[in-house]
1. Filter LYS28/LYS103; LYS4/LYS103; LYS4/LYS69; LYS69/LYS93 down to the pairs with a C-alpha to C-alpha distance above 19 Å, please.
2. Report the label-to-label distance for MET50 and GLU9 in nanometres (one decimal), using points 7 Å from each Cα along the Cα→Cβ vector.
3. Could you tell me the accessible area of THR34 in Å² (1.4 Å probe, neighbours in place), rounded to the nearest ten?
Amino acid sequence: MSQKLREIEFIVNMPMEDAWTRTFDFWKNQKVRTKPPTMENLPDGSRRMMIEQLMSFSSNGQSYQLVFKEAAGGTSIHAWVGLTFGWGMQWAKPLQVIKNLGKFLGANYKAINWLN
(Lines give C-alpha, C1' and ligand atoms only; values in the text may rest on other atoms or scores of the structure.)
Protein backbone atom coordinates (compact mmCIF):
# COMPACT_ATOMS: atom_id res chain seq x y z
CA MET A 1 0.00 0.00 0.00
CA SER A 2 1.25 3.48 -0.73
CA GLN A 3 2.26 5.78 2.09
CA LYS A 4 -0.49 8.22 1.14
CA LEU A 5 -4.07 7.27 1.92
CA ARG A 6 -7.18 9.20 1.05
CA GLU A 7 -10.05 9.06 3.52
CA ILE A 8 -13.75 9.39 2.86
CA GLU A 9 -16.73 9.08 5.16
CA PHE A 10 -20.46 8.90 4.50
CA ILE A 11 -23.64 7.74 6.21
CA VAL A 12 -26.20 5.49 4.58
CA ASN A 13 -29.80 5.14 5.71
CA MET A 14 -29.84 1.37 6.32
CA PRO A 15 -28.89 -1.03 9.11
CA MET A 16 -25.23 -2.00 9.35
CA GLU A 17 -25.88 -5.60 8.28
CA ASP A 18 -27.64 -4.43 5.10
CA ALA A 19 -24.86 -1.94 4.29
CA TRP A 20 -22.29 -4.70 4.85
CA THR A 21 -24.10 -7.16 2.56
CA ARG A 22 -24.72 -4.60 -0.19
CA THR A 23 -21.07 -3.50 -0.05
CA PHE A 24 -19.95 -7.10 -0.48
CA ASP A 25 -22.34 -7.39 -3.47
CA PHE A 26 -20.93 -4.16 -4.94
CA TRP A 27 -17.37 -5.53 -4.88
CA LYS A 28 -18.45 -8.92 -6.16
CA ASN A 29 -20.01 -7.25 -9.23
CA GLN A 30 -17.05 -5.00 -10.08
CA LYS A 31 -15.28 -5.78 -13.35
CA VAL A 32 -11.86 -5.63 -11.74
CA ARG A 33 -9.68 -8.38 -10.39
CA THR A 34 -9.47 -8.35 -6.61
CA LYS A 35 -8.12 -10.65 -3.98
CA PRO A 36 -10.86 -12.18 -1.82
CA PRO A 37 -11.90 -9.51 0.70
CA THR A 38 -10.69 -9.72 4.28
CA MET A 39 -13.64 -9.24 6.63
CA GLU A 40 -13.70 -9.04 10.41
CA ASN A 41 -15.74 -7.97 13.41
CA LEU A 42 -13.96 -5.42 15.59
CA PRO A 43 -14.12 -5.33 19.41
CA ASP A 44 -16.14 -2.08 19.47
CA GLY A 45 -18.99 -3.66 17.46
CA SER A 46 -17.93 -2.20 14.12
CA ARG A 47 -16.94 -4.30 11.12
CA ARG A 48 -14.01 -3.97 8.72
CA MET A 49 -13.72 -5.05 5.09
CA MET A 50 -10.42 -4.80 3.21
CA ILE A 51 -10.24 -5.16 -0.56
CA GLU A 52 -7.11 -5.22 -2.67
CA GLN A 53 -7.45 -4.62 -6.40
CA LEU A 54 -4.74 -6.31 -8.40
CA MET A 55 -2.62 -4.66 -11.05
CA SER A 56 -4.21 -4.54 -14.49
CA PHE A 57 -3.65 -2.90 -17.87
CA SER A 58 -5.36 0.31 -16.70
CA SER A 59 -4.37 0.28 -13.03
CA ASN A 60 -1.33 -0.17 -10.81
CA GLY A 61 -3.54 -1.60 -8.07
CA GLN A 62 -5.45 -0.08 -5.18
CA SER A 63 -6.45 -1.00 -1.67
CA TYR A 64 -9.65 -0.15 0.15
CA GLN A 65 -10.29 -0.44 3.87
CA LEU A 66 -13.90 0.13 4.95
CA VAL A 67 -15.09 0.37 8.56
CA PHE A 68 -18.83 0.14 9.22
CA LYS A 69 -20.30 1.56 12.44
CA GLU A 70 -23.85 2.03 13.60
CA ALA A 71 -24.82 5.71 13.48
CA ALA A 72 -27.92 7.75 14.14
CA GLY A 73 -30.26 7.04 11.26
CA GLY A 74 -28.19 4.28 9.66
CA THR A 75 -24.59 3.23 9.18
CA SER A 76 -21.42 5.28 9.04
CA ILE A 77 -18.87 4.04 6.52
CA HIS A 78 -15.32 5.29 6.87
CA ALA A 79 -13.04 4.33 3.97
CA TRP A 80 -9.31 4.58 3.41
CA VAL A 81 -8.21 4.32 -0.21
CA GLY A 82 -4.58 3.66 -1.11
CA LEU A 83 -2.56 3.26 -4.28
CA THR A 84 -0.22 0.31 -4.57
CA PHE A 85 1.95 2.44 -6.81
CA GLY A 86 1.48 5.79 -8.50
CA TRP A 87 0.33 9.34 -7.95
CA GLY A 88 -1.57 12.12 -9.70
CA MET A 89 -4.08 10.80 -12.22
CA GLN A 90 -3.74 7.30 -10.74
CA TRP A 91 -6.10 8.53 -7.97
CA ALA A 92 -8.97 9.13 -10.41
CA LYS A 93 -10.06 5.51 -10.70
CA PRO A 94 -10.08 4.44 -7.01
CA LEU A 95 -11.73 7.68 -5.90
CA GLN A 96 -14.46 7.18 -8.48
CA VAL A 97 -14.95 3.57 -7.33
CA ILE A 98 -15.52 4.67 -3.75
CA LYS A 99 -17.92 7.44 -4.87
CA ASN A 100 -19.81 4.82 -6.87
CA LEU A 101 -20.01 2.65 -3.76
CA GLY A 102 -21.53 5.57 -1.85
CA LYS A 103 -24.11 6.14 -4.58
CA PHE A 104 -24.86 2.39 -4.77
CA LEU A 105 -25.58 2.39 -1.03
CA GLY A 106 -27.79 5.48 -1.34
CA ALA A 107 -25.52 8.06 0.27
CA ASN A 108 -26.37 11.65 -0.51
CA TYR A 109 -23.62 12.76 -2.91
CA LYS A 110 -23.18 16.06 -1.05
CA ALA A 111 -22.77 14.15 2.23
CA ILE A 112 -19.78 12.20 0.94
CA ASN A 113 -17.03 13.87 2.93
CA TRP A 114 -13.41 13.67 1.80
CA LEU A 115 -11.25 13.94 4.90
CA ASN A 116 -8.02 14.69 3.00
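1. Details: LYS28/LYS103 16 Å; LYS4/LYS103 24 Å; LYS4/LYS69 24 Å; LYS69/LYS93 26 Å.
Exceeds cut-off: LYS4/LYS103; LYS4/LYS69; LYS69/LYS93.
2. Going from the MET50 label point to the GLU9 one covers 2.1 nm.
3. 50 Å²
The values are calculated or read from the model by the stated rules, or taken from the named source; none is laboratory data. Only a predicted model underlies this, so the values are computations on that prediction, with no experimental measurement involved. Every residue, glycine as well, gets a Cβ built from its backbone with ideal geometry; the counts of neighbours run over all protein chains shown. In case anyone asks, the SASA skips ligands and DNA or RNA and just uses the protein heavy atoms, side chains included. Shrake-Rupley method; radii C 1.70, N 1.55, O 1.52, S 1.80 Å.
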